[in-house]
Structure formats: structure tokens, C-alpha cells
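Everything below concerns the one structure shown next.
The values are calculated or read from the model by the stated rules, or taken from the named source; none is laboratory data. Values in this document were obtained by computation on a predicted structure and should not be read as measured data. Cβ coordinates were reconstructed from backbone atoms using ideal geometry, including for glycine residues, and neighbour counts include every protein chain displayed. Just the protein is used for accessible areas: all its heavy atoms, side chains included, with ligands, DNA and RNA removed. Shrake-Rupley method; radii C 1.70, N 1.55, O 1.52, S 1.80 Å.
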Amino acid sequence: MNLKTLPRESAEAHGIRLESVTLRRGDRTVLEALSLNLTESRIGLIGDNGAGKSSLFRLICGLDQPQAGRVTVHGCDTANAGDRRKLPQHVGLMFQNPDDQIIFPTVAEELAFSLTASGAGKQQARRQALDFLTERGLADWAGRAIGELSQGQRQQVCLMALQITSPATLLLDEPYSALDLLSQLRLSDQIAATGQQIILSTHLLDHVRDFERVLWLDNGALRGDGPGRDVCAAYAQDVRERGAMQAAAAVLRHAAQATDA
Ligand SMILES: Nc1ncnc2c1ncn2[C@@H]1O[C@H](COP(=O)(O)OP(=O)(O)OP(=O)(O)O)[C@@H](O)[C@H]1O
Ligand SMILES: [Mg+2]
């Protein structure tokens, strides 16, 4: 994948920073004392179900607040209400579940809403949404009812709703999970071509293996952090070892049951 790198001074001035962040949900500690400085232009996020990937995204875009520590996004402190209002210019989240993101009944209305939320007038937003769809060969999607789109098509609407406002950073939470192979290829090409910072969570390691940086979250803690190739290899090896241990434990259980019988 052809990776683009932000100029060093711009990346440092506009990065995402977590300082000793702890997030609890109920009596469960989801992230513990996590510190990160995210300045690279392509960052992957991997780890088991429940590791904390979506929770980390919710913190970065200000939807949740940590119980301890500080999150700053391109100079905005997410705990500060005034800064939080400016966050949509800086960061956009594509939700793991499109139904958590989409509000409006048609595609054009959903895209136009992204623009009005960022300060555009209603008519201008509507026109820009139609132009945006036309440029992508999707003019016929404008009036389509969201409820009649497939899961993958709704995911594409969510992505377009972010792309249309061009925030500096896109947080993509498992964006490939419902896409067909051609759409995966298209998204991969779009990611390679954009100048925006992309932070992308996925269980499909091929999509982040060539990223300059990948984070491996394990039970709310950072288990790996480095070039995609190394971190993906370490995670895959760990998964293989755990799989082998589970298989061996199952054999022992069956043997014990057979002896008891
Ligand atoms: N709304 C919630 N209320 C309470 N706990 C939650 C809530 N959402 C998530 N959690 C818990 O937070 C932890 C992290 O969940 P999170 O959704 O961030 O994981 P994830 O890495 O995104 O997993 P997946 O790969 O399945 O999407 C899990 O233990 C989960 O049970
Ligand atoms: Mg998730």
C-alpha cells in the first residue's frame, strides 16, 4: 500500500494524545492507564473482541469521557465543552454498527446533515451532498431509503458522511466487516490516496499489515505497538498459540470425561 506521511511538524502539532487514560464501564475497567501519542498518518488497531478498540474510538471523538487522564485531539481537550463543539472539524468516527450512526431516512439527507452539523446552510448542504454522490457515480442513491439498503451499503453511507466534511482524522471502526470484495478494494485504495489521518480497527489483518504503525490492544492494555508487519505477526502467533492451548485443553477434558464414564 502506498503510504503517505504527514509533514513531521504538522503531525506533532495536530496529533491525538492520551495521557494515563482509564475508562470504566460499570464495574469493568475497559482501558487502564493508557498513554498514546498518535501522529502517524495510518494507524491500525487490532485485538480480540472486547479488547477496547471501539471504546478507544469513542474516547477520541469525545462521545465518552475517561474517569482518569486526559484526551486531546488536534489541540482540543475532549473534557472541555467548548473544545468538544469544535471536534467534528478535527475528527469523525465511522461506527462499527451503521445503525448507531445514521439518523436520517435518506442517503442525501444523511450526507447533508454532516455538512449542516459542520456549519453549512441547509440548501448549500443539500446541493453539495448531491454533487458528492454524482462525483462517485452514485447520483441514484440520493433519494434511497436508508432502511432499504444492505448492511454494506449502509456502511458506505456512513463512510461518505464522514468523507464529505473532510475532518483531519478519520476513525474507522471495522469498516471492512460488511463490504464485498470490490468495495473492500475501493476502500483500501481510498485510504491509500487520502491525505487525512486514518485510524482503523479491523480483524482482517491484511488491511493493516502494511501500515506504518499498528496498536494491539489486549484486555484494555497496549500489548503491541510498532510497524504493522511486526505487530500483526505477533498477534497472529499469539492467536495460534491460544488456539492450540484451547484444542489441547478440550482433548484433556474429553479424555477425563471418558475415564469417568
Ligand atoms: N455499553 C457498554 N456498557 C458496558 N460495557 C461495555 C459497553 N460497551 C462495551 N463494553 C465493554 O467494554 C469492553 C470493550 O468493548 P469494546 O466494544 O470497546 O471492544 P472491541 O475491542 O471494540 O470489541 P469488538 O472487536 O467485538 O468490536 C468489553 O468488555 C465490553 O463488554
Ligand atoms: Mg468494536
| field | 3J(HN,Hα) from dihedral phi, the range 173-178, Karplus parametrisation 6.51/-1.76/1.60, rounded to Hz, x for glycine, proline | value | 9, 6, x, 8, 4, 10
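Name the trypsin sites (Lys or Arg not before Pro) in the range 57-94 that are in a loop by DSSP and that have at most 14 other C-beta atoms within 10 Å, would you?
On the way: sites: Arg58, Arg70, Arg84, Arg85, Lys86; in loops: none.
Sparse-neighbourhood loop trypsin sites (Lys or Arg not before Pro): none present.
So with the 1.4 Å probe, I'd like the accessible area per residue for the chain, rounded to whole Å².
Per residue, the chain has 51 Å² of solvent-accessible surface.
With Cβ to Cβ distances under 11 Å as the rule, what net charge do the other residues near Arg223 carry (K, R +1; D, E -1)? Write down the numbers at each step before the final one.
On the way: positive: none; negative: Asp48, Asp218, Asp225, Asp238.
Counting the neighbours of Arg223, the net charge comes to -4.
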| task | Compute the acute angle (0 to 90°) between the alpha-carbon long axis of helix 228-260 and the principal axis of greatest extent of the alpha-carbon atoms of the chain; round to the nearest 10°. | result | 40
| To the nearest 10 degrees, how steeply does helix 151-163 sit against the main Cα axis of the chain, on a 0 to 90 scale? | 60
| query | Residues with amide H under 5 Å of Val91's amide H, sequence separation 5 or more or different chain, H placed in the peptide plane at 1.01 Å from N; which? | reply | Ala168, Thr169
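On the accessible surface of the range 42-97, probed at 1.4 Å, how many percent belong to carbon and sulfur atoms? Could you put the intermediate results ahead of the total?
On the way: 970 of 2170 Å².
Solvent-exposed carbon and sulfur of the range 42-97 make up 44 percent of the total.
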| note | Net charge near Arg24 (other residues with Cβ under 11 Å of its Cβ; Lys, Arg +1; Asp, Glu -1) is -1
| 3J(HN,Hα) from dihedral phi, the range 89-105, Karplus parametrisation 6.51/-1.76/1.60, rounded to Hz, x for glycine, proline | 6, 9, 8, x, 10, 8, 5, 4, 10, x, 5, 7, 9, 6, 10, 9, x
| Cβ-based net charge around Leu93, under 13 Å, with every Lys or Arg adding one and every Asp or Glu removing one | -2
| remark: Burial-style ranking of 164-176, 241-253, average other-beta-carbon count within 10 Å with highest first, yields 164-176, 241-253
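DSSP loop (so not H, G, I, E, B), at most 15 other Cβ within 10 Å: list which trypsin sites (Lys or Arg not before Pro) in the range 108-146 pass both filters.
Values: sites: Lys122, Arg126, Arg127, Arg136, Arg144; in loops: Arg136, Arg144.
Counting only loop positions with at most 15 other Cβ atoms within 10 Å, the trypsin sites (Lys or Arg not before Pro) in the range 108-146 are Arg136.
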| note | Given 209-216, 22-29, 97-104, the highest-first ranking by average Cβ count within 10 Å works out to 209-216, 97-104, 22-29
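Take the solvent-accessible surface of the protein heavy atoms, probe 1.4 Å, and return the percent of it on the range 131-261 that carbon and sulfur atoms account for. Walk me through the intermediate numbers first.
Values: 3630 of 6650 Å².
Whole-percent figure for carbon plus sulfur exposure: 55.
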| note | Sorted by chain and then number, the residues having a modelled amide H within less than 5 Å of the amide H of Gly44, at least 5 places away or on another chain, are Leu200, Arg213, Val214, Leu215
